[in-house]
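Chemist: To start, I am sharing the structure in question, which I have written as C-alpha cells.
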Amino acid sequence: MTTLMIADDEHLIRQGLSSLNWESVDVKVVGTASNGIECWDMVQELKPDVLLTDIHMQGYKGTDIARMVKEHHLLTKIIFLTGYKEFEYAREAVELGIVSFVLKPSDPSEIFEAVNKAKIQIEQQNLLMNEQNTLMRQVKENQMALFDKLLPDEEMLTNETVKQLLIYLKSHFAEEITLGSASEIVHLCPVYLSRLVKKETGNTFLEILTRVRMEQACNMLRDPNNKVYEIALAVGIKDSKYFSQIFKRYYGMTPIEFRQNLLNNTNPLEVGVS
C-alpha cells in the first residue's frame with residue numbers, strides 16, 4: 001500500500017483531505033503537518049511514498065521541502081496543493097521533480113488522479129532499482145568468478161621451480177620482468193618455463209605476473225594518499241591508462257571506483273585483498 005503524508009496550514013483542508021476514501025485507491029495516510037517545519041521533520045521520520053503539500057506554509061514553503069527532499073536523496077514523490085494559479089513555480093517544480101499541481105478547491109477525483117500519477121512513477125522507480133540491483137549482483141558474481149582463479153599459494157605448489165618463480169615475482173613485481181628474464185632466474189629456457197608454469201598453475205606466466213601486480217595495487221589503493229599513476233609505477237606498469245584498463249578487466253571497476261567503494265565501506269571485493 002502506498003503511504004501518503006498531507007501538509008497544509010489550514011485545519012479544515014487537512015481534515016478534508018485526510019477524510020477522503022484513500023483505501024479505495026490503495027493509499028494509507030501516515031501523517032499530517034500544519035506547517036513547513038513540522039512537515040520536513042515528519043518527512044524525514046516517516047519517509048512517505050507521496051507528500052501532498054501546500055506551496056505556502058509557515059517555516060518552509062512547499063518548494064523548500066521539495067528541494068530538501070531532493071538534496072537528501074529521499075524517494076518521496078511530491079504533489080503541490082495551492083489555491084493560487086502561480087505558474088512562476090512551474091519551472092522550479094520541474095527542476096525539483098514535482099509530480100503534479102492540484103489547485104484549491106479541488107475535486108477528490110483530481111487529487112486521486114495526481115496521487116495515482118505519483119504511484120506510477122514509484123512503480124517505475126522501484127522497477128529500475130530492482131534492475132540495477134540485479135545488475136550489481138551479476139557484476140559481483142562475475143568478480144567472484146574471476147577470483148576463483150586467484151594466485152596459487154606457493155606452499156601448495158608441488159614443483160619447486162614454479163614455487164621459486166612465484167616467490168620471486170611477489171618480491172620483484174615492481175621491476176621490468178619478462179618471461180626471458182624470469183627464466184634466467186630459475187635457470188630454465190623460456191619455452192620450457194612457460195609450459196611448466198601453465199601445467200602447474202593452469203595460468204600463463206603473464207597472467208601470474210599480472211595477478212601479482214593487481215593484488216598489490218588493491219592493497220595500495222587502500223591508502224587515499226597514493227595516486228593512481230604512482231600505484232601503476234609502483235607495481236611495474238609505466239602507463240597509468242593501461243594500468244587502469246587492466247585493473248578494470250580484472251575487477252570490473254576502475255581503480256578510482258574501487259577506492260571509492262572502500263571509502264564508502266562497501267567492501268568492493270571479498271577475496272583477493274588482504
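Chemist: Can you give the direction-averaged projected area of the convex hull of the alpha-carbon atoms in the stretch 150-263, in nm²?
Modeler: 7.1
Chemist: Here's a follow-up. Less than 12 Å Cβ to Cβ from Arg249, Lys/Arg counted +1 and Asp/Glu -1: what total charge do the surrounding residues give? Display every interim value, and only then the final one.
Modeler: Values: positive: Arg211, Lys248; negative: Glu207.
Taking every other residue near Arg249 into account, the sum is +1.
Chemist: Just want the answer: with Cβ charges of +1 for Lys and Arg and -1 for Asp and Glu, which residue in Ser183, Met214, Leu157 is farthest toward the dipole's positive end in the stretch 150-263?
Modeler: Final value for the positive-end residue is Met214.
Chemist: Check cross-link reach from Lys248 to the lysines: straight Cα distance under 22 Å, and skip same-chain residues fewer than eight apart.
Modeler: Lys140, Lys149, Lys170, Lys227, Lys238
Chemist: Neighbouring Cβ atoms within 10 Å as the yardstick, rank Thr32, Thr134, Thr158 fewest first.
Modeler: Arranged by neighbour count, lowest to highest, Thr32, Thr134, Thr158 become Thr158, Thr134, Thr32.
Chemist: Check the straight Cα-Cα distances from Lys70 and name the lysines below 21 Å, setting aside those fewer than 8 residues away within the same chain.
Modeler: By straight Cα distance, Lys70 reaches Lys47, Lys61, Lys117, Lys119.
Since every read-out is calculated from the coordinates, none of them should be taken as a lab result. Treat the numbers as computed from the prediction; the structure is a model and nothing was measured. FYI the Cβ positions are ideal-geometry reconstructions off the backbone, even for glycines, and counts take in every protein chain you see.
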